[in-house]
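The structure appears below as structure tokens.
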Amino acid sequence: MDTQNPSASTRAQSRTAGKNHPHASGGGLVHDNTRHTTRFTVIGNHLAQHPSLSGLAIGLAVYIQSLPARSCVDIKTLAARFPEGRTRIAAALRELEIHGYLRRERERLPSGRIITRTTSCNQPGHRRDDHPPRPAKTRRPKKTPPKPLPPVPRPSYPSPTLIQQATDLLADLHHHDRRLLLSERDAAHLAPGVAAWLERDVTPTALREALTTNLPPQPLCRPAALLAHRLTAQLPPLPPFRAPASPFADRHPLQNCDGCDRAFRAPEPGRCLDCRRDLPEAA
């Protein structure tokens, strides 16, 4: 009774944690990765590890996502590329359509021809149209140079004294209306127009009233432009022509001398100066 049967099976032993486990002996997957810098495609784990897609469908999805835009991915082209037949490739494409990785839509061209447009989605459920467009970057407006002032009349003889008088009149305008404060550049542009008015016998008081009367009540954006317009639009006419006095207007008429018969100028007939000197009365 005490003899044991060496061939009898012993009682099964329970697996001890850390023993008889494939990972405990150093088995399993080991990655030997190198970072890609060119010619690579980013694939999400939701596709690479999809629990419902077949291996052929996953492989076709990866291949399609790696192709450039406008590549042919119809059944005939894919069957020529891979060893699987058209039937298996067509079934794999239907899998991708069901799970949202592929969209195939028929479109009619203006010529009447019907084509199939295939859209590959790297993230099912996210359409490009669903994302709001990114706000455009606001560019700072470029500073445009100010518009040139309208031209003004020019005096016939722009003497320095006349131009200085016109500049002084412009510099004094802001005392009558504070909106008419001009810069040095604007005053230099308007001074010839003011000189043209002064040259036409317009008094400084009358010119100042023409520039400051009936101004608009709102603020003036460019007072120099308004003054330039008034100097041109309200320019008075030239003064009437006055003939210069002749230097010979006050000279006496010619007379014949009664003594020597020479011509001389005198208000009345008589003798010339030489003949009058010879007379005893003159002596």
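Say we look at the stretch 67-99 and pick out the residues that are among the small types (Gly, Ala, Ser) and at pLDDT 90 or above; which of these is nearest to Thr41 (Cα to Cα)? Applying the filter and picking the extreme gives Ala92. Among the residues here, Leu238 does not qualify as surrounded by 11 or more Cβ atoms within 10 Å (Cβ to Cβ) and either modelled with pLDDT of 90 or more or hydrophobic (A, V, I, L, M, F, W, C) (or both). Put simply, of Ala233, Ala263 the only residue that is open to solvent by 40 Å² or more (accessible area, probe 1.4 Å) and farther than 29 Å from Pro150 by Cβ is Ala263. Just so you know, in the stretch 163-205 the residues that are in a helix (DSSP H, G or I) and of a type in the set (Val, Ile, Thr) include one that is surrounded by the most Cβ atoms within 10 Å (Cβ to Cβ), and it is Val194.
Among the residues of the stretch 151-162, those that are open to solvent by 50 Å² or more (accessible area, probe 1.4 Å), touching a helix residue (DSSP H, G or I) at 6+ places or on another chain (Cβ under 8 Å) and at pLDDT 90 or above comprise Pro151, Arg154. For the stretch 49-89, the tally of residues that are assigned to a helix (DSSP H, G or I), open to solvent by less than 80 Å² (accessible area, probe 1.4 Å) and among the hydrophobic types (A, V, I, L, M, F, W, C) stands at 11.
Residues in the stretch 100-149 that are of a type outside the set (D, E, K, R) and modelled with pLDDT under 75: His126, His131, Pro132, Pro133, Pro135, Ala136, Thr138, Pro141.
The values are calculated or read from the model by the stated rules, or taken from the named source; none is laboratory data. Keep in mind that what you see is a predicted model, and the values were worked out from it rather than measured. In this analysis, Cβ positions are derived from the backbone assuming ideal geometry, glycine residues included, and neighbour counts consider all displayed protein chains. With ligands, DNA and RNA removed, areas are computed over all heavy atoms of the protein, side chains included. Shrake-Rupley method; radii C 1.70, N 1.55, O 1.52, S 1.80 Å.
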